[in-house]
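Novice: Sharing a structure here in structure tokens format.
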Amino acid sequence: MTVLRLRKLQIGVIGLGYVGLPLAVEFGKKFRTTGYDLKPTRIAELRAGKDSTLEASSEELQSASMLRFTSRLADLKECRVYIVTVPTPIDQHNRPDLSPLKLASIALGSVLKKGDIVVYESTVYPGCTEEVCVPLLEQHSGLKFNRDFFCGYSPERINPGDKQHRLPSIRKVTSGSTEDVAEFVDKLYGAIITAGTYKASSIKVAEAAKVIENTQRDINIALINELALIFNRLDIDTEEVLKAAGTKWNFLPFRPGLVGGHCIGVDPYYLTHKAQEVGYNPEIILAGRRLNDNMAAYVTSEILKLMAKRRLRIADSRVLVLGLAFKENCPDLRNSKVIDIVRELGDYNAQIDVYDPWIDRKEALHEYGVRPLAKLGTARYDAVVLAVGHQQFKDMGIKAVRKLLKPKGVVYDIKHVFGRDEVDGRL
């Protein structure tokens, strides 16, 4: 390949969500960078210096002096390196949905030139880049892989809402389709990642490394969730057990809870899909997934038991769910498992109100058909469910939460926002 020069490089970042925008901002501080997104509304807000994901402040957007935003594919034609950060979700049957990745590859094929490099960051199963993306790039560009154009893979490690672990301070795994490309990709990311890089031996190794990161976390959380189910039957507080066990130096500090979001609740299905494709049925991974996916039903049953013990009528009861985002202090609604609790309670004809000060209420309506409250009013509830540990809910204090209840009403705390003696039930 003709070695591209970092100093004169122009970069295109495809997809400007939680992953793509921080990447575009960091590259835009040092290289001419074009951030591309299909949504004109997203481009308009970024041009206005606003980021609805809250991953980049107005000051950070302004600091990227060489970054421009566009929804026009033609504006990418001058780029020599393309970095793809589109979502890789699962469908209703828990199978990988590669349609955003395929569409991005097809689009890039129309602007690809000789000597260009396409780097994928989207989470996939091992082999996906070369088996799915590369053929589409070849087909729509008329160019030959590893002769006319090249590829790399550098898995994203963004943690939405985390202001401590930011893109530059998280070590980056890199890879390339040839040794020269791997070296170039590693140096490219090394220019913006202060924590350093790790050059994997192949694209497949880098893909596999990413997909097992969250699979490992998923299984560990599944174990703690199962322990919580056991300890509940033994009338032992799970949090107290975990604190005691945590005094040993090598005990892993996982906590029980709902497992949603764009990573932990999704990525394992990419690995199991590929495993089954090659004739292996992954028992432990799928068992962990089943257990974690069923936690919302378990929590709902516990809430209903508490209400029944206090002789509260379930049908036509009023329930307030505090939090809808998939994690605390973050507006990200993707694959939130809180909605499963809302729907489960709704199946018992309970009237559900949802309040979350972090989320976009229009997005919640669009994604889940739920109309969250704009603010907490004077209504009183038979049950309050602390579903997400937002700082605002901690700041409210248990007294303010209990003021939201009717007589005999119950507080169920999924996220251990308050102490065991302050609530009526918790996971």
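Novice: Could you say whether any residue in the range 105-120 is over 20 Å from Gln139 (Cβ atoms) and of a type outside the set (D, E, K, R)?
Specialist: No.
Yes/no per residue for (1) in a loop (DSSP other than H, G, I, E, B); (2) closer than 26 Å to Lys309 by Cα; (3) open to solvent by less than 70 Å² (accessible area, probe 1.4 Å):
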site	(1), (2), (3)
Leu365	no, no, yes
Leu373	yes, no, yes
Tyr412	no, yes, yes
Lys415	yes, yes, no
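Novice: Of a type in the set (Lys, Arg), on the phi < 0 side of the Ramachandran plot and under 26 Å from the mean Cα position of the chain (by Cα): does that describe Arg371?
Specialist: When the stated conditions are applied, Arg371 passes them.
Novice: Can I ask one more? Could you list all residues from the range 12-22 that are among the hydrophobic types (A, V, I, L, M, F, W, C), closer than 12 Å to Val84 by Cβ and not in a loop (DSSP other than H, G, I, E, B)?
Specialist: Within the range 12-22, Val13, Ile14 qualify.
Novice: Determine, yes or no, whether Glu213 is modelled with pLDDT under 95 and either touching a helix residue (DSSP H, G or I) at 6+ places or on another chain (Cβ under 9 Å) or open to solvent by 40 Å² or more (accessible area, probe 1.4 Å) (or both).
Specialist: yes
Novice: Right, another one. Condition test on Phe69, is it in contact (Cβ under 8 Å) with a residue 40 or more places away in the chain, open to solvent by less than 10 Å² (accessible area, probe 1.4 Å) and of a type in the set (Phe, Trp, Tyr)?
Specialist: no
Novice: Can you tell me which residue among Leu137, Leu143, Leu108 is at pLDDT 95 or above and farther than 25 Å from Lys274 by Cβ?
Specialist: Residue meeting the stated conditions: Leu143.
Novice: Please find, among Pro357, Pro407, the residue that is surrounded by fewer than 20 Cβ atoms within 10 Å (Cβ to Cβ) and in a strand (DSSP E or B).
Specialist: Pro407
Novice: Which one of these is at pLDDT 95 or above, hydrophobic (A, V, I, L, M, F, W, C) and assigned to a loop (DSSP other than H, G, I, E, B): Leu324, Leu304, Leu312?
Specialist: Of Leu324, Leu304, Leu312, the one residue that is at pLDDT 95 or above, hydrophobic (A, V, I, L, M, F, W, C) and assigned to a loop (DSSP other than H, G, I, E, B) is Leu324.
Novice: Based on this model, can you work out whether Ile303 counts as under 29 Å from Lys204 (Cα atoms) and either touching a helix residue (DSSP H, G or I) at 6+ places or on another chain (Cβ under 9 Å) or of a type in the set (A, V, I, L, M, F, W, C) (or both)?
Specialist: Here the answer is no, as Ile303 does not meet what is asked.
Novice: Can you name the residue in the range 142-155 that is touching a residue at least 12 places away in the same chain (Cβ under 8 Å), touching an Asp or Glu at 6+ places or on another chain (Cβ under 8 Å) and more than 16 Å from Ile212 (Cα to Cα) and is also most open to solvent (accessible area, probe 1.4 Å) among such residues?
Specialist: Phe145
Novice: Filter the range 125-141 down to the residues that are farther than 29 Å from Asp340 by Cβ and either among the hydrophobic types (A, V, I, L, M, F, W, C) or buried (at least 20 other Cβ atoms within 10 Å of the Cβ) (or both), then identify the one that is farthest from the chain's Cα centre (by Cα).
Specialist: The extreme case among them is Ser141.
Novice: Could you pull out the residue among Ser57, Ser63, Ser52 that is polar (S, T, N, Q), touching a residue at least 60 places away in the same chain (Cβ under 8 Å), more than 22 Å from Val118 (Cβ to Cβ) and surrounded by fewer than 17 Cβ atoms within 10 Å (Cβ to Cβ)?
Specialist: Within the list Ser57, Ser63, Ser52, the selection yields Ser52.
Novice: Does Ile339 satisfy the condition of being in contact with a helix residue (DSSP H, G or I) (Cβ under 7 Å, 6 or more places away or on another chain), among the β-branched types (Val, Ile, Thr) and not in a loop (DSSP other than H, G, I, E, B)?
Specialist: Against the criterion (in contact with a helix residue (DSSP H, G or I) (Cβ under 7 Å, 6 or more places away or on another chain), among the β-branched types (Val, Ile, Thr) and not in a loop (DSSP other than H, G, I, E, B)), Ile339 qualifies.
Novice: So, one more: Taking only pairs six or more apart or across chains, which ones have beta-carbon atoms under 7 Å, a first residue in the range 196-218 that is more than 24 Å from Pro168 (Cβ to Cβ), and a second residue that is charged (D, E, K, R)?
Specialist: From residues that are more than 24 Å from Pro168 (Cβ to Cβ), the pairs are Thr215/Asp267; Asp218/Arg289.
Novice: Which of the following residues is open to solvent by 10 Å² or more (accessible area, probe 1.4 Å), among the β-branched types (Val, Ile, Thr) and either on the phi > 0 side of the Ramachandran plot or in contact with a Pro (Cβ under 7 Å, 6 or more places away or on another chain) (or both): Ile170, Ile158?
Specialist: Being open to solvent by 10 Å² or more (accessible area, probe 1.4 Å), among the β-branched types (Val, Ile, Thr) and either on the phi > 0 side of the Ramachandran plot or in contact with a Pro (Cβ under 7 Å, 6 or more places away or on another chain) (or both) holds for just one of Ile170, Ile158, which is Ile158.
Novice: If you don't mind, there's one more thing I want to ask. Looking only at the range 231-272, count every residue that is in a helix (DSSP H, G or I), loosely packed, with under 12 Cβ neighbours inside 10 Å and without any contact (Cβ under 8 Å) to a residue 40 or more places away in the chain and tell me the total.
Specialist: 3
Novice: Of all residues in the range 375-401, how many are acidic (Asp, Glu), touching a residue at least 60 places away in the same chain (Cβ under 8 Å) and surrounded by fewer than 14 Cβ atoms within 10 Å (Cβ to Cβ)?
Specialist: 0
The values are calculated or read from the model by the stated rules, or taken from the named source; none is laboratory data. It should be emphasised that the depicted structure is a prediction, and the values quoted were computed from it without experimental measurement. Every residue, glycine among them, receives a Cβ derived from its backbone with ideal geometry; neighbour counts consider all protein chains shown. Accessible surface areas use protein heavy atoms only, side chains included; no ligands, DNA or RNA. Shrake-Rupley method; radii C 1.70, N 1.55, O 1.52, S 1.80 Å.
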